[in-house]
Structures are given as C-alpha cells and as structure tokens.
1. Below 8 Å, C-alpha to C-alpha, sequence gap of six or more: please give me the relative contact order for the chain in percent.
2. So if we plug the beta-carbon distance of residue 6 and residue 120 into 1/(1 + (r/R0)^6) with R0 = 35 Å, what FRET efficiency do we get, rounded to 0.05?
3. Which FRET efficiency value, to the nearest 0.05, do you get for residue 154 and residue 206 by plugging their Cβ-Cβ distance into 1/(1 + (r/R0)^6) with R0 = 35 Å?
4. Roughly how many nanometres apart are two label points built 7 Å out from the Cα toward the Cβ at residue 199 and residue 269?
5. Can you tell me the length gained on complete extension of the stretch residue 15 to residue 288, counting 0.36 nm per residue apart and subtracting the Cα distance?
6. Given the options 199, 80, 26, which has the most mean-square fluctuation in a GNM of the chain, springs set between C-alpha atoms less than 10 angstrom apart?
7. Pairing the Cα long axis of helix 162-175 with the longest principal axis of the chain, what angle in degrees results, from 0 to 90 and rounded to the nearest 10?
8. So between residue 246 and residue 330, what do we pick up on full extension, going 0.36 nm a residue minus the alpha carbon distance?
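Read the figures in this text as sums done on the coordinates, not as results from a lab. Quick caveat, the model's predicted, so the values are computed rather than measured. Here the Cβ positions follow ideal geometry from the backbone for every residue, glycine too, while neighbour counts run over all protein chains shown.
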C-alpha cells in the first residue's frame, strides 16, 4: 500500500500540512525549523515514501527543473571553458533540489523548444550560454532567464569582473618590482572582452605609475575549437609581430592560451620565464599544467554556473536580488611570475 502524507504526519508527530510543506520544498518559506524538517524527512524515509513528481508539480506549480541551453555550437559542452560552467550549474542546482535539462544545440528548433518548455511549465527557468552569442529565445524580458557571459542582453546576466582581475594581476607585478609591463590582447572574435581588459590594464598602469605597452593579436575564429589550434594561431602571430624592449620585464595576457603561446615564443628567443620575463594569463583553464605553471586570473567558472542558478531561482521565487550578478575573480599565483630582474626599467 502506498505511503500517504497522513502516515508520515502520524509518524513524525506533525500535521499533514507541515508534511506537505516539507515534501514540496517550502519548509524555509514557511519558517519551519530544521528539527521539524528532519523529523518529517526521517519518517518519510522509514516508511519508504516515494514522492509523486507529477502530483508535486501540480500542487506547487513548479517542475523543479531548470533548462540549460548552450550557444550555437554543438561542441560547447566539450569546450574546456564551458564544461566547468555547466558542471557548476548542474551541481548547484542539485544542491538546491532541482534537476537540469540540457539543450545542447542552441539554434533553431532547440531555442523554440526551450521557450515552449518554459511556457508549458515543463521547466521553471532557463540558463543560456552567451557563446558565441545567446540563442534566440522567444520569451519576454521578464521571463526567468539568465545569460552567462556577455553584457547588455535583455535578460539577467552573470559576468566576471574583468577589471578587478586585471587590477589584481597588475598589483602582483608591481609588488614584485616590475615597472615596464606589456599587455598581449586579442582583437579577433573576442575583441570586446580583450579591449575591456586592455582598458583596465592601462587604467591600472596609470594608477600605479608603471610604463604600459600593448600588443594586439588579430586572428579569426579557428574551425578547430581545440586549445592546440588557438595556441598555434597565437604563436604564429607572436612570432611575426612580437618586438620586446629590453626594459619590459612582465606581461599580462588576454587568456591562458595567449600566455602559453607567449611563453613558447619567448623560449624560442632564448628568454626564460620568469627569470627574464614574468607572465600572467587569464581564465585558469590549463594554467597549472603549463611549463612553467602559469600565474593566472581565475575565471571562477564553476562559481559562475552556481551564481546563475542562485539568480534564476531568486527570480522564480520572486525574492529581491540584483538583476545582474558580477563574479569577482581570483589571482592564482604559480611559477611564471617572480621579482623583476635588476636591470629592468
């Protein structure tokens, strides 16, 4: 015989209403104590209670499922950058009692399906990757949708504070005695992000009084999304364009791939990292396995995924929260930075 809520109520010594609130995930909303929740959960477990998903959805109006839709690239979930973001979404959604439905195409019918699922309440909200741009979601601006990455979209966003990351990198180099620092950027497919980081670099240079230089790489998006393909493009550009004054003792690179390519080209020219040049990357994707291990600004990828879940659930539950969230990065110091050589500057 199926276990009923009244059976659980009798075993836990509480009302059926209390059991209903606990099983519907509304204990916090109804200000139930943790001890009461534990009694109900323990009683349900002892009695072998299995909740009816459809009945719960009907009674609460919530599917307790979030949609995750990627951008227009089928391979995004295999990408070293986006896979930990997706992991952050999945793990934190589970911690908050929700499932995640992955819609991994992101174009055409997939976007239409996502919007239809939202309207049909088969999912409670949507999280989308802004890569290379957010998918075309045919829902209103007040719909429970969160975009991870990018700025200026009509929906709520979760982004990284690039300015704070560059400032932390610059402060680290200045503390090490560096006074002539290069920024190696990317004016190709990620030009907007690189330009924002370049502006932050120049501003940090003005604040700290160091000499700043800038080299912009210009490359198109490779057909092959592998790190090897990106790094080779950067190496080819750097080999042809890098002219490094003797006074320059450090570099901050647009991302880890640029930093790996930069270190390789320095090595080809007989320069040592960090003895001759200190190098800092950005993202912390494979910086730990580089040679030498890269000091880098962590993009906090899993944390960005978790933040998107929190923002979306707050929107769904209609609690007050800023429309956009900005995640603060963290500088991870490894072996590619050291005190400036005495002859520098």
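1. For the chain, the relative contact order is 17 percent.
2. 0.65
3. 0.55
4. It works out to 2.9 nm between the two label points.
5. So the chain would gain 92.8 nm between residue 15 and residue 288.
6. 26
7. On a 0 to 90 degree scale, this one is about 50.
8. Length gained between residue 246 and residue 330: 27.2 nm.
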